[in-house]
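Contents: one structure, followed by commentary.
No lab work stands behind these numbers, since they all come straight from the coordinates. On a predicted model such as this, the values are computed, not experimentally measured, just so you know. As a convention, Cβ positions derive from the backbone with ideal geometry for all residues, glycine included, and neighbour counts pool all protein chains shown.
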Amino acid sequence: MWVIRRNILSAWKKRWRRSCNPLKYMGFIFIYTVFLVVAAARAYDQVMANQNGPIIDMTRNGEFIEPPKPSLGTIFARIIAFGALLLVAAVAFWITLFIIPVLLVVGIGGYFFLRYQMKHGRFVVTTRRF
């Protein structure tokens, strides 16, 4: 019985090894890679063909046109948004800075409490067997 099972397993391993031979798929992998490179090159060419380059606004006299200046309300809105983001980042930083030592102290206290419980036989570690 053992000899038959061993022969079946060895035949299955040989078949599996033969089917996973990477040299068998090298042609397909090469063609697929070439296809992907050509597709990426075509997409890049199409994107570049649709771009006209940077736009320089000039008058007929050869002077550059100034972009419109933002209004005072836009400037204040940007300053308020930046301040709010800075406030959120600062609060997150300080909360993290204060929580890490507290968690370390709680973890060390829990460790020693568990050791005390195990030493006095009040906490027993058991494993479930399925």
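The figures follow:
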| read-out | value |
| --- | --- |
| Full-stretch length increase - residue 60, residue 84 - with 0.36 nm per residue and alpha-carbon distance subtracted | 4.2 nm |
| Stretch gain in nm, segment residue 38-residue 119, where the contour uses 0.36 nm per residue and the Cα spacing is subtracted | 22.2 nm |
| Cα→Cβ-extended label distance, 7 Å offset, between residue 126 and residue 112, nm | 3.0 |
| Cα convex hull of the stretch 71-130 - mean projected area over all directions, nm² | 8.1 |
| Stretch gain in nm, segment residue 76-residue 99, where the contour uses 0.36 nm per residue and the Cα spacing is subtracted | 4.9 nm |
